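Read through the structure below, which is laid out as structure tokens, and then see the notes.
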Amino acid sequence: MTVWDDLVGQEKVSEQLAAAARDADALVTAASAGTAPPEASSMTHAWLFTGPPGAGRIRTARAFAAALQCVSPDRALGGVPGCGFCDGCHTVLVGTHADVSTVAAVGAEILVKDMRDTVRKSYTAPATGRWQVILVEDAERLNEKSANAVLKAVEEPAPRTVWLLCAPSLEDVLPTIRSRCRHLNLRTPSVDAVADMLVRREGVEPAVAAAAARATQGHVDRARRLATDPAARERRAAVLKLPLRVQDVGGCLKAAQELVDAAAEDAKQLAEERDGKETDELKAAMGAVQGGRMPRGTAGVMKDLEEMQKRRRTRTQRDSLDVALSDLTAFYRDVLALQLGSRIALSNVDAEDTLERLARAGTPESTLRRIEAIAACGVALDRNVPPLLAVEAMTMALRAG
Ligand SMILES: [Zn+2]
């Protein structure tokens, strides 16, 4: 399996990136041999990956980063860099390559202090002599200060530095930054392409793969999680019962509370897995003495870490709620399709009885109103309305009538 096999339904983009990786490799080879670089090259120092959620912006950028660091001997024989198993590819894919840095928002914004070290690194030569790669996972979350730091670095790049920026759309990135990037737009992969990937790469049963792909409508990561993680399937089943539970005010409030609690629990579990280990590592790195007492002058660093972990917990809870909202939206879209007699494939074939019941009980107008209420909940969460308040407003609006 090469790194390119990770890209689902993105043939055109894969071809362009593979060509650039080949040219990038020729540049490195020429430089180390002391010969003149090739005249034409499709390699460039800044790339912008856009596309709808779940299409695989970050996965694509990471595959490209791996190909840039690929040291497989096959390259010399005309093979495409990005073998997937050499030391270069492997360390990039697991996140330990010394010359690949990742920047991701831990809260609503990427703060300049969170990326100061990375920006500094972008001005230096790569340790392995290939490429210094900086991957910004959510460039739409750069704030004014951090965007300016990126802009300066992209304007005056070190010879071997490559910036890979990911964002939902072009409009999410400052015009001054995007004008310096080569732009690649990913499309939503087809349900069949996602199902095929789940079977081939994850070894999922074809029927389970097809159901997960259909339910998540081309969102690759969610499809993978749904197909492979029983807890994700349970959470989804609970969310899809919600439309039947919002009959009265009591039911609405209870359903809202449970939805928010489930998201908080999801965030807590992920945090427990990561936070303790991170804190221990930092303590060890700063030389904690026996009994956990920290050396003088290190309190600020520990406080920064705690603050970052808190922001990340809020963000994870939000991401988990997002999954619930998108499951609910897909559910009501199915109800609407039945009401309109549309022939589009349903996302929730497994819940067809419930869908039909709700379709008969309401009108297309009332279903549209509910879909709007779910979207409004997402907007409220974006504006930092307390989650319970936003979700209660939504469940009340989902009520029959
Ligand atoms: Zn490789």
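The values are calculated or read from the model by the stated rules, or taken from the named source; none is laboratory data. Since this is a predicted model, take the numbers as computed values, not measurements. Using ideal geometry, Cβ is built from the backbone for each residue, glycine included, and neighbour counts are taken over all protein chains shown.
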Residue tally, condition under 25 Å from D319 (Cα atoms), in a helix (DSSP H, G or I) and away from the ligand (no atom under 16 Å from the Cβ), over segment 63-116: 4
For segment 352-367, does any single residue satisfy the condition of being β-branched (V, I, T) and within 23 Å of V220 (Cβ to Cβ)? no
Members of segment 44-65 found to be surrounded by 17 or more Cβ atoms within 10 Å (Cβ to Cβ) and either without any contact (Cβ under 8 Å) to a residue 60 or more places away in the chain or of a type in the set (S, T, Y) (or both), listed by number: T50, T60
Filter segment 105-132 down to the residues that are under 25 Å from L305 (Cβ atoms) and among the β-branched types (V, I, T) and list them by number. V106, I110, V112, T118, V119, T124
Taking segment 117-135 and keeping only residues that are hydroxyl-bearing (S, T, Y) and either away from the ligand (no atom under 14 Å from the Cβ) or touching a Leu at 6+ places or on another chain (Cβ under 6 Å) (or both), one is left with T118, S122, Y123, T124
Close pairs from segment 379-395: first at pLDDT 95 or above, partner part of a loop (DSSP other than H, G, I, E, B) and surrounded by 15 or more Cβ atoms within 10 Å (Cβ to Cβ), Cβ under 9 Å, at least 6 apart: T395/V246
Yes or no: segment 21-33 includes at least one residue that is within 16 Å of the ligand (Cβ to nearest atom), part of a helix (DSSP H, G or I) and within 16 Å of the chain's Cα centre (by Cα). no
Restrict the check to segment 299-307 and report whether at least one residue is assigned to a helix (DSSP H, G or I), at pLDDT 90 or above and surrounded by fewer than 19 Cβ atoms within 10 Å (Cβ to Cβ). no
Which pairs have Cβ atoms under 8 Å, sit 6 or more apart or on different chains, and link a residue in segment 67-93 that is closer than 16 Å to A20 by Cα to one that is near the ligand (Cβ under 9 Å from one of its atoms) and charged (D, E, K, R)? V71/D87; P81/R75; C83/D74
